[in-house]
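Notes follow the structure.
The values are calculated or read from the model by the stated rules, or taken from the named source; none is laboratory data. Remember, it's a predicted structure, so these values are computed and weren't measured experimentally. With ideal geometry, Cβ positions are generated from the backbone for all residues, glycine too; neighbour counts draw on all protein chains shown.
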Amino acid sequence: MNIAKPDYKVDGNTQARLDSLLARFEEHGPRNVGYPCNSIFDYSALLPFMGYVINNVGDPFHDSNFRSNTHDIEREVIAQFADMMHLSQDGAWGYVTSGGTEGNMYGLYMGREMFPDGVVYFSQDTHYSVVKILRVLKARNIMIKSQDSGEIDYEDLRETIRINRDSPVIFMANIGTTMKGAIDDVGKVRDILDDLAVTESYIHADAALSGMILPFVEEPQPYGFDSGFDSVAVSGHKMIGSPLPCGVALTRREYVARIARSIEYVGVLDTTLSGSRSALAPLILWYAFERYGMDGFREMVSRCLDVAEYAVARFNDVGIPAWRHKNSVTVVFPKPSEYVFRKWQIAPYEDIAHIIAMPHVTRETIDEIVDDCLREDTER
Ligand SMILES: Cc1ncc(COP(=O)(O)O)c(C=O)c1O
């Protein structure tokens with residue numbers, strides 16, 4: 001039995017609005033170099049799925065009364081990320097989120113449920129959403145100083161944990177900070193916890209961008225569940241590329257039982273933060289893994305790192321002190337003129353800015369940006 005499709009013809013005004021919106025996106029797309037969103041993708045094979053009411057409400061690892069879902073596809077995506085994050089298939093649980101923020105909220109929620117009187121430690125360079133998440137969760141928290149590199153200041157962390165030694169530690173690790181691409185060394189953090197004889201701890205990793213880089217490089221900084229993660233959030237619309245914001249929250253299956261509640265109305269286990277969830281987002285991520293495979297992503301990441309290295313060299317050649325961290329596609333340089341950061345959608349922060357070498361950013365793009373930085377404002 002088919003449901004009749006509505007017979008609706010787009011009127012001239014509506015079409016004009018849609019056309020002008022499309023033109024705007026076409027113009028801005030190639031010059032988005034300040035935000036980590038891969039703009040090169042083709043999901044047209046998935047367009048037919050826009051014609052159905054599909055919804056992944058509930059736990060992707062359990063049945064749902066809402067049958068038009070992509071839970072099976074979602075489980076494959078989670079299995080893929082579990083593999084990349086060094087978590088056994090049997091021990092893995094996760095779901096496709098609406099983006100990095102939801103993944104971080106999930107991880108910190110889990111940490112707070114495991115240790116309700118725990119203190120959350122996070123660095124100054126942590127993504128801005130975390131302060132809001134901690135307010136929502138009403139979790140005790142302490143901000144730790146960052147080093148100039150963007151990495152957490154381990155001495156400040158040690159001293160602060162020492163003073164609060166009677167409380168469990170929930171550590172929010174940055175596996176690639178937003179502005180500088182800095183990676184907190186979870187090995188060092190675990191050493192601090194061992195030295196201070198902290199027995200109750202939980203590490204959540206925000207690997208929004210670098211979660212799709214480190215699995216593909218030869219000498220990654222420590223990352224993954226074998227390095228001590230208890231949960232991780234990775235964005236889907238960043239390195240993978242997606243027209244819909246999305247991401248993945250991944251944790252250990254044994255922890256999830258603590259928050260699961262069975263909901264009769266939808267016949268699901270309520271283990272996710274949102275109720276109704278996109279069924280298209282898991283399909284998009286799954287399709288990207290089908291399309292690229294691990295080798296394709298390795299090649300993509302390698303090209304991005306190459307462009308990032310080229311950018312550092314080009315800036316330095318003309319006397320602009322740009323730099324980047326090992327295995328990072330984030331190129332940090334002094335805040336350019338307003339003309340440059342507006343033209344290239346560069347995100348300035350205090351006196352610095354960054355270019356993020358995503359797949360659509362080429363060596364030619366970098367040449368153009370460097371030329372723009374060299375020109376005086378008055379020439380424009
Ligand atoms: C390090 C980091 N964490 C979290 C986020 C939040 O991700 P989203 O915007 O997908 O919620 C971002 C966004 O840029 C980020 O850079």
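Of note:
- So ARG17, is it out of contact with any Ser or Thr (no Cβ under 8 Å at 6 or more places or on another chain) and within 29 Å of LEU250 (Cβ to Cβ): no
- The C-beta contact set for the range 171-198 (first residue without any contact (Cβ under 8 Å) to a residue 24 or more places away in the chain, second residue more than 16 Å from the ligand (Cβ to nearest atom) and outside any loop (DSSP other than H, G, I, E, B), distance under 9 angstrom, 6+ apart or interchain) comprises ASP191/TYR154.
- Against the test of being of a type outside the set (D, E, K, R) and at pLDDT below 95, the options HIS86, HIS62, HIS71 yield a single qualifying residue, HIS62.
- Checking the stated criteria, PRO220 turns out to be assigned to a loop (DSSP other than H, G, I, E, B) and either touching a residue at least 40 places away in the same chain (Cβ under 8 Å) or within 16 Å of the ligand (Cβ to nearest atom) (or both).
- The combined condition, being away from the ligand (no atom under 16 Å from the Cβ) and either of a type in the set (Ser, Thr, Tyr) or not assigned by TED's automatic domain parsing to the domain that holds ASP148 (or both), is not fulfilled by GLY228.
- Answer from ASP19, ASP7, ASP42 - the residue that is in a helix (DSSP H, G or I) and out of contact with any strand residue (DSSP E or B) (no Cβ under 8 Å at 6 or more places or on another chain): ASP19
- Pick from the range 231-264, criterion part of a loop (DSSP other than H, G, I, E, B) and within 16 Å of the ligand (Cβ to nearest atom), ranking: surrounded by the most Cβ atoms within 10 Å (Cβ to Cβ): GLY236
- Sole residue being more than 21 Å from the chain's Cα centre (by Cα) and either more than 23 Å from VAL256 (Cα to Cα) or within 16 Å of the ligand (Cβ to nearest atom) (or both), chosen from LEU209, LEU214, LEU193: LEU193
- Residue, farthest from the ligand (Cβ to nearest atom), within the range 107-127, restricted to residues that are among the aliphatic types (A, V, I, L, M) and either farther than 16 Å from LYS138 by Cα or touching a Ser or Thr at 6+ places or on another chain (Cβ under 6 Å) (or both): VAL119
- Qualifying position, being part of a helix (DSSP H, G or I), crowded, with 18+ Cβ neighbours inside 10 Å and either in contact with a strand residue (DSSP E or B) (Cβ under 6 Å, 6 or more places away or on another chain) or not charged (D, E, K, R) (or both), among ILE346, ILE284: ILE284
- All conditions in (1) in a loop (DSSP other than H, G, I, E, B); (2) within 16 Å of the ligand (Cβ to nearest atom) hold for ASN104, with the sole exception of (1).
- Taking the range 115-136 as the range and being closer than 19 Å to ILE183 by Cβ and either assigned to a loop (DSSP other than H, G, I, E, B) or at pLDDT below 95 (or both) as the test, the residues that pass are GLN124, ASP125, THR126, HIS127, TYR128, SER129.
- Condition broken by THR97, with the remaining ones in (1) under 29 Å from ASP156 (Cβ atoms); (2) within 16 Å of the ligand (Cβ to nearest atom) satisfied: (1)
- Every listed requirement among (1) over 20 Å from TYR223 (Cβ atoms); (2) out of contact with any Leu (no Cβ under 8 Å at 6 or more places or on another chain) is met by VAL318 save one, (2).
- Residue satisfying all of: in the range 196-206; assigned to a strand (DSSP E or B) and over 14 Å from the mean Cα position of the chain (by Cα); farthest from the ligand (Cβ to nearest atom) among these: SER201
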